[in-house]
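Structure provided below as structure tokens; questions to follow.
The values are calculated or read from the model by the stated rules, or taken from the named source; none is laboratory data. Just so it is clear, the structure is predicted and the values come from calculations on it, not from any experiment. With ideal geometry, Cβ positions are generated from the backbone for all residues, glycine too; neighbour counts draw on all protein chains shown. The area values use the complete protein model at the heavy-atom level, side chains included, leaving out ligands, DNA and RNA. Shrake-Rupley method; radii C 1.70, N 1.55, O 1.52, S 1.80 Å.
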Amino acid sequence: MHDRPAAYDAIVLGAGAAGMMCALTAGQRGRRVLLIDHADRVGKKILISGGGRCNFTNIHTAPDRYISANPHFAKSALRRYTPQDFLALVDRHGIAWHEKTLGQLFCDGSARQIVAMLIDECARGGVEIALGHPVRDIAHGDGRFRVMVGERESSAPALVIATGGPSIPQMGASGFAYDLARRFGLKLVEPRPALVPMTLGGAEILFRDLSGVAAPVEARAGKARFREAALFTHRGLSGPAILQISSYWRHGEPVEIDFLPDRSPDWLTGAKRAQPRANLRKLLGAALPTRLADTLAEQLALDTELANTPDRALADAARRLSAWRFHPNGTEGFAKAEVTSGGIATTGLSSQTMAARDVPGLYAIGEAVDVTGWLGGYNFQWAWASGWAAGQAV
């Protein structure tokens, strides 16, 4: 005969950013919480984020910096738990931080400080943590969820899915959240790699020879546009501008790059009057890395001095440089994606509490849900906010 399962008020699956935030919030409200993860330590993805310094939030957080089939879904949680709220927690723990570009906040020291802070806050809430064993079975009946981990069975009226998406599989990430969601009848928005490098093939393979070259650009896909650095790689395109645009890109669509975003449309014809003896390669070389300037000049096939180049050809070259079309043949996939776009559909969830509408006691938070932030701390802020919202409700 089985021993009676250990009873809790809430069981949280996944000890990443969202799961830990949910567990500590519920625990500090007096709930008895069990936090489970198949990994042998908590917060593994936090530890590698931001080059080990953890870009833990962004002060410019706003709902329009998130992608979801329902653009309004994230508003409630983001409004109720803000970057300032998380910052107050960081400051209370005496963790030194600094702001980098575009509102990104990083630890001065190490991402380990953020993980240690979350562990400490979980301990304050009496959260029990079970690590190093996969979930063997989950059953649901009589208003309780029963979870088997190893030889141990635990039960609770609330179960929180916080196991993330399949990005970075080498860290143990998987589609577990989606399997679970399907089992409970929740719909999915097709998961796709997001914040991911793009690959080039065909005639554009020549740009791979620029591997290692970076330049500040404006990248565009559909209506989205980002001004940051783009980086050429041995497989195609990367860098912050490309990672950002990848979340909006759809297979088969072009990506446009403005290599000189601060130049006016008539800058080349103006240069012709000012420096008639110069050529395009020289002008581009003054504004861009030499190897990139050479490749673009070659592609535009304008070798003559500006004085001998018709204005129409110069205007055409300026236009191409401001909207250079690449046709990526794909991305580097979940293995290189920082996050997953898509996931558990928000239509089946409450934006107030993250609870499943049709399965009392079931919640989904963080990256497992169809809410994906921009690069630069936005996804952590969604993890904190959605975790806090569920932690207030379980």
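Could you go through segment 220-232 in sequence order and give the Karplus-derived ³J(HN,Hα) for each residue, using 6.51 cos²θ - 1.76 cosθ + 1.60 with θ = phi - 60°, rounded to whole Hz, and x for Gly and Pro?
These are the phi-based 3J(HN,Hα) values: 9, 9, x, 8, 7, 8, 9, 9, 7, 7, 10, 10, 7 Hz.
I'd like the accessible area for T331: 1.4 Å probe, protein heavy atoms, all chains in place, Å² to the nearest 10.
Spelled out: T331, probe radius 1.4 Å, area about 50 Å².
Here is a follow-up. Using r as the Cβ-Cβ distance of I138 and A315, and R0 as 51 Å, what FRET efficiency do you calculate, to the nearest 0.05?
So, using R0 = 51 Å, E works out to roughly 0.20.
Among A356, L13, G175, which residue has its Cα furthest toward the positive end of the charge dipole of the chain, with +1 on Lys/Arg Cβ and -1 on Asp/Glu Cβ?
In the chain, that residue is A356.
Run the numbers for A274 and D303: contour at 0.36 nm per residue of separation, minus the present Cα-Cα distance, in nm.
8.7 nm
Shifting gears a bit: Please report the orientation-averaged projected area of the chain, defined via the convex hull of its C-alpha atoms, in nm².
20.7 nm²
Collect residues whose amide H, placed 1.01 Å from N in the peptide plane, falls under 5 Å from the amide H of V369; neighbours closer than 5 in sequence don't count.
Long-range HN contacts for V369: I344.
Springs between alpha-carbon atoms under 10 Å, Gaussian network over the chain: tell me which of L131, L24, L35 tops the mean-square fluctuations.
L131
Which cross-chain or sequence-distant (5 or more) residues have an amide H under 5 Å from the amide H of S341, H modelled 1.01 Å from N in plane?
Amide H neighbours of S341: R192, A194.
Taking segment 33-146 on its own, what percent of its Cα-Cα pair distances exceed 21 Å?
53 percent
Let me ask you something else. Can you list which of the trypsin sites (Lys or Arg not before Pro) found in segment 314-394 are DSSP loop residues with at most 11 other C-beta atoms within 10 Å?
R357
What value, in deg cm²/dmol to 500, does the helix sum -39500 (n - 2.57) over DSSP H runs of n ≥ 4 give at 222 nm once divided by the residues of the chain?
The per-residue figure over the chain is -8500 deg cm²/dmol.
Still on this model: What figure in square angstrom, to the nearest 10, would you give for the accessible area of V189 with a 1.4 Å probe?
Surface accessible to solvent at V189 totals approximately 50 Å².
What dipole magnitude, in Debye to the nearest 20, does segment 1-102 give about its Cα centre under +1 on Lys/Arg Cβ and -1 on Asp/Glu Cβ?
100 debye
Determine the dipole magnitude for the chain: charges of +1 sit on the beta-carbon of Lys and Arg, -1 on that of Asp and Glu, nothing else is charged, the reference point is the Cα centre, and the result goes in debye to the nearest 20.
The dipole of the chain has a size of about 380 debye.
Let me check something: with ligands and nucleic acids excluded, how do K100, K75 order by accessible area (1.4 Å probe), largest to smallest?
The ordering from most to least exposed comes out as K100, K75.
Of the trypsin sites (Lys or Arg not before Pro) in segment 273-305, which ones lie in a loop per DSSP and count no more than 15 other C-beta atoms within 10 Å?
Those satisfying the criteria are R277.
Can you tell me, using C-alpha contacts under 8 Å and at least 6 residues apart, the relative contact order of the chain as a whole percent?
26 percent.
Something else: What are the semi-axes of the equivalent ellipsoid for segment 71-120, taken as the square roots of 5 times the Cα gyration tensor eigenvalues, largest first, in whole Å?
Its equivalent ellipsoid spans semi-axes of 22, 14, 9 Å.
Which ³J(HN,Hα) values, rounded to whole Hz and listed in residue order, are derived for segment 174-191 from phi using the Karplus coefficients 6.51, -1.76 and 1.60 in 6.51 cos²θ - 1.76 cosθ + 1.60 with θ = phi - 60°, glycine and proline given as x?
Rounded to whole hertz, the list is 8, x, 3, 4, 6, 4, 5, 4, 4, 4, 9, x, 7, 7, 10, 9, 3, x.
Take every Cα pair under 8 Å in segment 350-391 that's 6+ residues apart, average their separations, divide by the length, and report that relative contact order as a whole percent.
Taking the mean separation of contacting Cα pairs over the length of segment 350-391, I get 42 percent.
Taking every pair of alpha-carbon atoms in segment 261-394, what share in percent sits in each 10 Å bin, from 0 to the bin with the longest distance?
11, 27, 14, 13, 16, 13, 6, 1
I'd like the per residue volume of the convex hull spanned by the Cα atoms of segment 195-317, given in cubic angstrom.
About 106 Å³ per residue, rounded to a whole number.
Let me ask another. Considering only protein heavy atoms and a probe of 1.4 Å, how much of the accessible area of segment 296-344 is carbon and sulfur, as a whole percent?
That fraction is 46 percent.
Can I ask one more? Kindly list the residues of segment 31-50 that lie in the label zone of L188, defined by a backbone N under 12 Å from the point 7 Å along the Cα-to-C-beta vector.
No residue qualifies, since no backbone N sits under 12 Å from the label point.
To continue, here is another question. Determine ³J(HN,Hα), in whole Hz, for all residues of segment 48-58 in sequence, where each value follows from phi through the Karplus function 6.51 cos²θ - 1.76 cosθ + 1.60 and θ = phi - 60°; x replaces Gly and Pro.
Computed from phi, the couplings for segment 48-58 are 8, 6, x, x, x, 9, 6, 7, 7, 6, 9 Hz.
Right, another one. With +1 on each Lys and Arg Cβ and -1 on each Asp and Glu Cβ, how big is the dipole of segment 270-336 about its Cα centre, in debye rounded to the nearest 20?
180 debye
Another question about this same structure. A 31 angstrom limit on the alpha carbon distance is what I want to check against. Which of K75/K336; K187/K336; K223/K272; K45/K187; K187/K223; K223/K282 exceed it?
K223/K272; K223/K282
What is the Cα coordinate range of segment 145-207 on the first, second and third principal axes, sorted by size from largest, in whole angstrom?
Over segment 145-207, Cα extents along the principal axes are 58, 26, 14 Å.
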